[in-house]
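*Asks:* Handing you this structure, nothing more for now.
The values are calculated or read from the model by the stated rules, or taken from the named source; none is laboratory data. Computed from a prediction, not measured in an experiment: that's the story for all the values here. Don't worry about glycine lacking a Cβ; one is built from the backbone with ideal geometry, like all the others, and counts go over all protein chains shown. The area values use the complete protein model at the heavy-atom level, side chains included, leaving out ligands, DNA and RNA. Shrake-Rupley method; radii C 1.70, N 1.55, O 1.52, S 1.80 Å.
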Protein chains: 2
Amino acid sequence: MAAARVRSGGRPTLEEVAARAGVGRGTASRVINGSPRVSAQTREAVEAAVAELGYVPNRAARALAGNRTDAIALVVPESETRFFAEPYFSDIVRGVGAALADTEMQLLLTLAGNDRERRRLAQYLTAHRVDGVLLVSVHADDPLPDLLEQLGMPSVISGRRHAAEMLPSVDSDNFEGARAAVDHLISRGRRCIATITGRLDVYGAQRRLDGYRKAVAAAGLDPDERLIAPADFSEEGGARAMRELLARRPDVDAVFAASDVMAAGARQVLRESGRRIPDDVSLVGFDDSAVARHMDPPLTSVRQPIEEMGRTMTRVLLQEIAHRSSGESPQDRPRIVLPTELVVRESS
Amino acid sequence: MAAARVRSGGRPTLEEVAARAGVGRGTASRVINGSPRVSAQTREAVEAAVAELGYVPNRAARALAGNRTDAIALVVPESETRFFAEPYFSDIVRGVGAALADTEMQLLLTLAGNDRERRRLAQYLTAHRVDGVLLVSVHADDPLPDLLEQLGMPSVISGRRHAAEMLPSVDSDNFEGARAAVDHLISRGRRCIATITGRLDVYGAQRRLDGYRKAVAAAGLDPDERLIAPADFSEEGGARAMRELLARRPDVDAVFAASDVMAAGARQVLRESGRRIPDDVSLVGFDDSAVARHMDPPLTSVRQPIEEMGRTMTRVLLQEIAHRSSGESPQDRPRIVLPTELVVRESS
DNA sequence: CCACCTCTTGGGAGCGCTCCCAAGCCTACG
DNA sequence: CGTAGGCTTGGGAGCGCTCCCAAGAGGTGG
């Protein structure tokens, strides 16, 4: 067993694996990359060498030679990681991680603050070369999607900016979720149903409002615009909106808040006004977060399959990348909508 | 303006920048890496070329040539990302991101499930070559820290496994936080104070218990072991522990739970037993999570500076990496403890 | 028996960058 | 006026891998 050249410090290289297996570098590479053009015997020899040496390919070298990186970036608006504190963020990551588990792909986490940073980011993403980008929480005026589109960077977006989004997208069914929530309130005999919306430049918030409108209209209820109060997803905003609502329509008997946190704000105001939940006013939230479960009374809420959204986004992105590199032009921009589920608790 | 060789597809390379600036490749590299051994004039010329060409260094090439990666990994036990759903996870990431903001470092997110995966992970981390590792939520029997230590990989750990941890660590002051919580209960006139602990193989949980014991002893209260109920950080576990507590010492007049979620479980059981909070029993949690703010009554809780922990861990890691690469032997293993803060609400 | 394939295989040519040596230039000093 | 020494500078030699061409081996048909 000639102890060939034993490199003192570093990890074994392809060349060493090849030498150990008694084959050429090219052949070893073929085995490691699963090319079919290798005899079974050779393959075995190389695989044995890999095992013995504990060889792991050097990513940087691969990236440089192969002009790819085996890495994707998850871009999160930094300003919102806190807003994401509710399961959202970690569940997305879980989902992405799960989908990546038996891949060689790495996950790069990129926090981008303001729009300027996001613009710079696009540069980086292409220069630092990730193979694809996952975008979450995109606002109507976010330049990033267009930039990525132009750069031809495979990307998947969650929370479409608008219906005409060019990028593949994965979303939960905000419309149906909202509709189900309102239908539920109607089935409870409520007739004067208000809604507190999120920031309407977030597509999902708009869709939730649409769902509300649809359900109200379908039930033949009075579609009073005064029953619609805009807010910003914050607890304080929810409280403020609830006060407005109460001032405009004191006879309100149900509220659909577009997030649990806003519902929490609304609950506070309803309490202070002497109204009981759900006796006087029914309350429904959205997200089914920890806040919902621990509210008093526990909050009926619309659950989104967040982890699955992460999984699905990733799967779609990997496909997109595969297509792109195999030269196919992806005709169909996948546009996936995952179902939501109403979780009924005591607040309604 | 001789249009030199204009590469059709790709981004500009160092070579092109050099040509544009009329200097050699080596010189261009020096400017870009901020070497002082360049004349001001040359520097300007290169910088201009960089700007004009929109040059961004190729990471893979750098990594390959320089034998470093400009990337660090944040290792999260996958099994716990959900447990992390409370601000923890996202706040840590925020902190890390903030500390990395004006660095060239990238953040790699690594979810590792079980111990076997974590073992494999160590391989990957060295082979895929990250420059350093951030470890959060480490259990007593986790093999990863030792592996990283052996491999000589710069690492920083949060939540030390045991006091004798070899790696640099950043932690919040669980001991003082717990003590402050119990002192607060004592100052409220409580005399029979119980505690619900987290998994004691998590260092922080152990420290919280230590803090409880210390405060009880210092106040000269009866240190009855029956007032200590172990649980697992879960709501259900908290409820179970509370039931045991009530069975053993029905006269309990205060409970310090080592997490808000467990406090929520305890609250439920206390309610069911007909006890009022805080009139009959005071309740204090730990984490100051959303659950605490929205509980009924709002929960007094110990806040940890999680985002700052992320920031600090990262800073320490970057220093560690810098030392390592400049050949200094890091004499002192930083061991940083960040202060906690008691947030008093109506539950106590 | 030879031309022509197909299947494997080896290894050269880079990918874009950092490291480092040697060369060129200038200043200062003997 | 010659020479040593300090600054800058250019560019060769890889880093470890993938891509791809050409060559060898074995088989087949005319």
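*Asks:* List the GluC sites (Glu not before Pro) within segment A:275-348 that fall in a DSSP loop (any state other than H, G, I, E or B) and whose Cβ has at most 16 other Cβ atoms within 10 Å. Let's see the in-between values first.
*Replies:* On the way: sites: A:E307, A:E308, A:E320, A:E328, A:E341, A:E346; in loops: A:E328, A:E346.
Hits after loop and neighbour filter: A:E328, A:E346.
*Asks:* Using a 7 Å offset from the Cα along the Cα-to-Cβ direction at both B:L151 and A:D201, what is the distance between the two label points in nm, to one decimal?
*Replies:* 4.4 nm
*Asks:* Quote the total accessible area buried by chains A and B together, excluding ligands, DNA and RNA, probe 1.4 Å, nearest 100 Å². Write down the numbers at each step before the final one.
*Replies:* Values: alone 16810 and 16800 Å², together 29660 Å².
Separately minus together, A and B give about 3900 Å² buried.
*Asks:* Also, quick follow-up: For the protein assembly as shown, give the percent of accessible area contributed by carbon and sulfur heavy atoms, probe 1.4 Å, rounded to a whole number. Mind dumping the intermediate values first?
*Replies:* On the way: 14620 of 29660 Å².
The computed percentage sits at 49.
*Asks:* Alpha carbons only, please: Rg and Dmax for segment B:162-274, in angstrom.
*Replies:* Every Cα atom of segment B:162-274 included, Rg and Dmax give 13.9, 49 Å.
*Asks:* Right, another one. Below 8 Å between Cα atoms, with a sequence gap of 6+, how large is the relative contact order for chain B in percent?
*Replies:* Details: 633 pairs, mean separation 56.7, N = 348.
With pairs under 8 Å counted, the relative contact order is 16 percent.
*Asks:* What Kirkwood hydrodynamic radius, in Å, does the protein assembly as shown give when the mean of 1/r is taken over all pairs of distinct Cα atoms and then inverted?
*Replies:* Values: mean 1/r = 0.0356 Å⁻¹.
After inverting the mean inverse Cα-Cα distance, the result is 28.1 Å.
*Asks:* Suppose every Lys and Arg Cβ carries +1 and every Asp and Glu Cβ carries -1, with no other charges. What dipole size does chain A come out with about its Cα centre, to the nearest 20 debye? The partial results should precede the final answer.
*Replies:* On the way: 46 positive and 49 negative charges, 169 e Å.
Dipole magnitude for chain A comes out near 820 debye.
*Asks:* How many partner chain Cβ atoms sit within 10 Å of a residue's Cβ in peptide A:292-299, on average, as a whole number?
*Replies:* On the way: counts 1, 4, 15, 4, 5, 1, 0, 1.
Per residue, the average neighbour count from other chains is 4.
*Asks:* For label points placed 7 Å from Cα toward Cβ, what is the shortest-first list of nm distances from B:D251 to its copies?
*Replies:* Spelled out, the distances from B:D251's label point are 5.9 nm.
*Asks:* To continue, here is another question. Based on Cβ point charges of +1 for Lys and Arg and -1 for Asp and Glu, what charge dipole magnitude is obtained for segment B:174-303 about its Cα centre, in debye rounded to the nearest 20?
*Replies:* Values: 20 positive and 20 negative charges, 37 e Å.
Once rounded to the nearest 20, the dipole reads 180 debye.
*Asks:* Loop only per DSSP, at most 16 neighbouring Cβ atoms within 10 Å: give me the trypsin sites (Lys or Arg not before Pro) in segment A:226-294, ordered by residue number.
*Replies:* Numbers: sites: A:R226, A:R240, A:R243, A:R248, A:R267, A:R271, A:R275, A:R276, A:R293; in loops: A:R275, A:R276.
Those that pass, being in a loop and sparsely packed, are A:R276.
*Asks:* Would you mind giving the mean number of other chain beta-carbons within 10 Å of the Cβ of each residue in A:46-59, as a whole number?
*Replies:* Values: counts 0, 0, 0, 0, 0, 0, 0, 0, 2, 1, 6, 2, 6, 10.
Counting Cβ atoms of other protein chains within 10 Å of each residue's Cβ and averaging gives 2.
*Asks:* Additional query: Once you compute Rg and the Kirkwood Rh from C-alpha atoms, what is the Rg to Rh ratio for segment A:14-57?
*Replies:* Details: Rg = 8.8 Å, Rh = 9.8 Å.
Here the Rg-to-Rh quotient is 0.90.
*Asks:* Using Cα pairs closer than 8 Å and at least 6 residues apart in sequence, work out the relative contact order for segment B:14-57, in percent. Write out the running numbers ahead of the final one.
*Replies:* On the way: 39 pairs, mean separation 19.0, N = 44.
After rounding, I find 43 percent.
*Asks:* Ok, one more. Excluding ligands, DNA and RNA, what is the solvent-accessible area per residue of chain B at a probe of 1.4 Å, expressed in Å²? Show your work: numbers first, answer last.
*Replies:* Details: 14830 Å² over 348 residues.
I get 43 Å² per residue for this part.
*Asks:* List the residue from chain A whose beta-carbon is nearest to the axis that rotates chain A onto chain B, together with that distance in whole Å.
*Replies:* A:D296, 2
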